[in-house]
Amino acid sequence: MDLGSAESWGSAIYFWIIPVVLGDAIFPLIPSEMVVITGGALSADGRTNVFLVGFLSALASWVGDMVVFQVFRRRLSHVLDRWAWGRRIHRGIHDAIARAGRSSTYGTIIGARFIPGGRLATSAAAGIANVAVRGFSLCAGIGAVLWACWLVGLGYFTGSATGLPFWASSLIGVVLGLVVGAAVGVIATRRRGNPSPVEEPGPLAPEA
């Protein structure tokens, strides 16, 4: 695969979207935003279908949120503690919840995904708080659609406005997305300022 070729990426991006966006539900460092924005930039170049990119992105986002929500709602997160890497993930999730603050309201479920790490923290916190499955599912779906539209639109706009190669348009879109996300995160943190309602996990077994 020629990484600099729009034609090569156009034929492969659909297969990247679902696993990357799903993985981002648990590992926020996975660059799902970059993949979705790239899909939008490729759409501006006529290499992908913008509606299909948006649909796959929203679907994968919703499924990932539901998986995290159900794991914590059914109190299955202790399974992670069986392995060293799982204990690190478990600690990271509780750290993310602590940073996200108290709210597990429906508005937060929709909007927190635009804050770095907010998607994971909110889904886990909602599961721990026993938020109604139907309500969470609906709000996660709405949030997933808005998130996908924002990122795909960002990629499409930068690709159309700059006329640069798709990879350059993608990088510009990613930078803009990070700036907006960071600004939203700062504003939300200053307004919230409350500790997490979730009890921190007890001492975990020493790592192997």
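The values are calculated or read from the model by the stated rules, or taken from the named source; none is laboratory data. Because the structure is a prediction, the values reported are computed rather than measured. When we count neighbours, we look across all protein chains shown, and the Cβ atoms used for this are built from the backbone with ideal geometry, even at glycine.
Quick one: which helices (runs of 4 or more DSSP H) lie wholly within the range 47-155 and hold at least 2 residues that are modelled with pLDDT under 75 and either buried (at least 20 other Cβ atoms within 10 Å of the Cβ) or in contact with a strand residue (DSSP E or B) (Cβ under 6 Å, 6 or more places away or on another chain) (or both)? Before you say what the answer is, go through the steps one by one.
Values: elements: 50-73, 84-100, 106-111, 118-128.
The qualifying helices (runs of 4 or more DSSP H) are 84-100.
Just checking, how many residues over the range 13-30 are loosely packed, with under 14 Cβ neighbours inside 10 Å and at pLDDT below 85?
If we filter the range 13-30 for residues that are loosely packed, with under 14 Cβ neighbours inside 10 Å, which is where we start, we get 15, 19, 27, 29.
Within this subset, residues satisfying the condition of being at pLDDT below 85 are 27, 29.
The qualifying residues number 2.
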